[in-house]
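Taking it in order: structure first as structure tokens, then the write-up.
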Amino acid sequence: MTAYETPEERRQRAGIVEVPVPGKSAKKLNGGSHPQPDAFPKKAESTPPVSPDISETGPARGNFEHSVQIAQWPKPDLRIVEDGRAPSPTLDDDALPAGWGEWITKEAAARDCPRDYLAAALIVAASAWIGNSRHVAVNETWREPPHLWIAEIGAPSTGKTPAQRPIIETCRVVERDAEPEWQAAIADHARLAEAAKAHDEQWCAEVRAATKTGQPAPDRPPGADAPDEPPRPRLVAMDATTEELQHLLSEQPRGLLYVRDELTGWFGNHDRYGGNGGDRAFFLEAWNGGSYIVDRVKHRGKPLRISRAALAILGGIQPDRLREALAGADDGLAARFAYIWPDPPPISKLANESDETMRDRRNRLVEAARRLHGLKMSVDAAGEPAPGLLRLDRSAFALFDELRQEAMQRARSSRGLAGGWHGKTPGRALRLALVYELLMWSARGGSEPLAISADAMALASGYLDYLAGMFDRTTAGLAISREEADAAAIALHIISTRPTALNERGLYRQPGWSWLRDNVRRSSALRVLADAGWIRHASRTGTRRPRGDWEISPRLWETSP
């Protein structure tokens with residue numbers, strides 16, 4: 001043996017043959033369009049220990065023994081941590097409402113967030129600002145409200161919250177605009193309530209007097225009934241409970257914007273307080289925009305009536321909780337959401353704009369919100385507030401029908417969440433076209449549009465194509481099992497920390513790893529890692545094996561970055 005013999009040459013001279021990775025049956029982690037055979041991953045074959053007759057001493061012998069130890073491990077299957085998810089689709093200006101592309105780009109740069117998040121927040125907010133003032137009609141029987149639901153997916157500090165801030169701030173401005181009128185209404189209510197109280201007291205006295213004299217009691221005068229107190233104007237609700245939302249919607253005929261930092265808990269908390277399925281039923285109806293009546297004792301013993309439950313929803317989901325959020329009942333609730341998961345923007349210099357420029361951009365958003373929220377509702381035959389209708393013009397109708405047929409073909413060729421999502425695309429297209437038409441009007445001014453144009457439908461179709469790409473990107477990782485996802489999380493931890501051993505108790509006691517306290521879940525994840533050649537049970541010391549100790553393959557550092 002020469003001093004320059006490589007470890008590979010030593011292994012070959014000692015008769016140690018490298019074990020190939022059993023790979024072609026392994027399922028792709030991202031669950032995308034790649035073939036997905038039954039098992040992932042197959043158990044890696046181990047190489048039997050080799051004890052060559054080598055009499056070297058010193059460093060050369062130590063290096064050889066290390067090479068032998070490495071060779072006793074199978075080559076780890078690194079596909080367990082590969083992120084084969086498709087890249088984020090590009091959000092082009094021809095998929096945004098005309099007149100807003102530059103605003104979105106500059107505002108996103110100023111707030112250091114992806115323009116995808118900001119565009120989604122603007123579109124959802126506009127659907128709430130329009131609310132029940134306008135609906136879109138395909139024909140006499142098919143009508144859609146404008147409100148939309150969008151979930152923004154991303155790890156912490158990727159820009160979800162900064163993208164929501166201008167929307168929330170604008171909603172608060174519009175709410176403050178309505179305060180003076182509400183304060184005046186409250187003063188009128190106080191006067192009328194006192195007058196009603198006086199009428200009621202006088203009537204009670206007349207009833208007592210009539211009773212004493214044996215005369216018929218007089219009828220209660222109309223003025224004795226106090227009017228309902230005017231509700232405070234609301235446009236946005238933050239992380240409210242279902243009951244609070246129902247009360248708010250019963251008082252806000254135009255509808256509301258509902259913003260949640262984390263939608264995973266919202267998906268999981270339905271009926272937590274004894275709703276018996278009522279919470280999910282309410283939100284399903286809130287998407288449809290139909291009437292809803294709540295019959296619960298706690299509502300002062302009276303039914304709570306919502307004429308048109310219009311609720312636009314904007315919220316966030318962290319990627320590692322995506323499966324948890326979408327694993328609920330198969331009732332179509334998750335299919336009503338559009339999902340936005342952009343790639344993080346490159347780290348670059350923050351836009352250095354003047355205060356005046358930023359104020360102008362903020363004022364433009366506020367003025368658009370005021371114009372959209374200022375659209376007056378019509379009145380129905382019963383005298384109740386009702387939405388005005390915008391129909392599709394002839395060209396828009398042709399574009400929509402082509403889109404509808406394509407969407408229904410995709411829905412019928414898909415299953416589960418994908419089938420439901422594509423099945424909602426025609427209705428989503430109508431809502432987007434209505435929002436785009438009125439957003440473009442809010443930017444250019446002039447008279448209010450009387451119909452949905454082909455331009456609005458074409459731009460909305462472009463955004464729907466973008467949303468379809470985002471949906472495929474979002475749901476790609478859902479094809480893997482939970483144990484595979486858990487194993488991938490542990491594998492990424494191993495690569496980032498590069499330990500030589502792993503202790504189960506030490507891992508689940510670390511912040512963020514408490515989910516590994518579940519014995520079954522932990523064992524399943526570790527079994528996947530062991531089968532992939534990443535870890536193996538630690539060697540016995542004495543007569544007992546150390547509990548929860550695992551050796552980590554040194555071959556990881558040969559192949560991993």
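Just so it is clear, none of the values below were taken in a lab; they were calculated from the coordinates. Predicted, not measured: the structure shown is a model, and the values here were computed from it. Please note: Cβ atoms are built from the backbone with ideal geometry, for glycine as well, and neighbour counts cover all protein chains shown.
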Between E175 and A489, what is the label-point separation in nm under the 7 Å Cα-to-beta-carbon projection? 3.4 nm
Please rank R473, R359, fewest neighbouring Cβ atoms within 10 Å first, as an exposure proxy. R359, R473
Compactness of the stretch 444-543 as Cα Rg over 2.2 N^0.38 Å, two decimals: 1.93
Using the Kirkwood formula on alpha carbons, the hydrodynamic radius of the stretch 181-224 in angstrom works out to 11.7 Å
Taking every pair of alpha-carbon atoms in the stretch 101-157, give the share separated by more than 17 Å as a whole percent. 52 percent
Given N residues in the stretch 80-213, what is Rg(Cα) / (2.2 N^0.38 Å)? 1.85
